[in-house]
Amino acid sequence: MIYLDNAATSWPKPPGVLKAMTGFMEGIGANPGRSGHRLSVDAARVIFGAREKISGLFSSGVPSRVLFTSNATSALNLALRGFLKKGANVLTTGMEHNSVMRTLNDLKSQGISYTIIPTSPRGACDPQSIPGLITRDTVLIVVNHGSNVNGTVQDIRAIGKIAKERGVLLLVDAAQTAGILDIDMKRDTVDMLAFTGHKALFGPQGTGGLVLGPGMDHVRLRTILTGGTGSKSESELQPDFLPDKYESGTPNTVGIAGLAAGIDFILDTGLDAIRSRESEHYEFLRSSLEKIDRVKVLPPGGTEHPLATISFVIEGKSPAEAGLALDESYSIMCRVGMHCSPLSHRTIGTFPHGTVRLSPGFFTSREELSQTVEAIREISSHN
Ligand SMILES: Cc1ncc(COP(=O)(O)O)c(C=O)c1O
């Protein structure tokens, strides 16, 4: 079995992640911050430790600015629904995931509009076109940092600089880049960063969060979830302080314990080593696939700042057919079709059939990639 679907969820996880989760379930198990007993205090320490690690990883300032959610989708919903008001305009790229596009389209009924920043068929949006698109209603720019379709990386530092100069906030969807690329919310002037725990951060599914940058005043962000927080229990009103304002209900403490261990693995390994493994995977796949007749890598020639994620089509075969053959005949797991991002496929010219996507991860070997290339060569040679 060869697993090449790390852009959907990373697998396997580092052994420390499983150990931390089992350790929590066996030795702590309690509800954090709800009761005063020692197990509850230990559970709260697990959560606080993870907040500190995430805050350090993204240079967000104080740990209480890390708000846990169940995935990137709920973090993006919190940022968009909590921040935008009637009449607001949002700028976004042509490479967004449906977690942003479906939310923005839903918000149209509340008088909120969006404008797509011109994005080339290679997948990169041009930051220099942003000033000309900003109107007096524009309050936010939302950018998918790394494409889940073809690995294109947007220049968030350049976009952040323009946003700051024009008094517009920047929300970054780091679902595909957190744990691979160096993200510094202070340096890149990112106001809100949505991350998911189960991809390159090596945590389990059901973890993620929204990180508020140092310049983001949380008074401007309404909560979209209310209820018990374990704090101010005498009050029937939602607390207004961080992070409790946004974190009602019992958290996924066992998942957060695993996420913290995933971040430890990243810090021990080093972002540079992880990033160069991604680039090596990408370059090997791109150069090998481009040599196969009838295979077209998107974009041709590859992306400039690649994650390991690569998309291709085989002339005369639908992506669905190719994906089925890879799974059934070669036990290679990949993803085909739209990848929850029809907008990206319109931008790169592969709508409505989509592409075959290979997304190797840190634990993928060169041997596995060579076998995959051979399988694709065989599949593409059959009529
Ligand atoms: C770019 C991007 N944004 C958002 C998401 C949503 O992440 P989650 O499924 O963890 O909510 C994904 C997941 O594939 C993604 O690739």
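Odds and ends about this structure:
- Looking only at residues in the stretch 324-349 that are in a loop (DSSP other than H, G, I, E, B) and more than 16 Å from the ligand (Cβ to nearest atom), the one that is surrounded by the most Cβ atoms within 10 Å (Cβ to Cβ) is SER331.
- Single unsatisfied condition, THR207 versus (1) more than 30 Å from VAL139 (Cα to Cα); (2) within 15 Å of the ligand (Cβ to nearest atom): (1)
- Wholly within the stretch 205-323, strands (runs of 3 or more DSSP E) carrying at least 2 residues that are modelled with pLDDT under 95 and surrounded by 14 or more Cβ atoms within 10 Å (Cβ to Cβ): none
- Residues in the stretch 59-104 that are closer than 25 Å to THR250 by Cβ, of a type outside the set (A, V, I, L, M) and away from the ligand (no atom under 16 Å from the Cβ) were compared, and the one that is surrounded by the fewest Cβ atoms within 10 Å (Cβ to Cβ) is SER64.
The values are calculated or read from the model by the stated rules, or taken from the named source; none is laboratory data. All of these numbers come straight from a predicted model, not from anything done at the bench. No Cβ is skipped: glycine too gets one built from the backbone with ideal geometry, and neighbour counts run over all protein chains shown.
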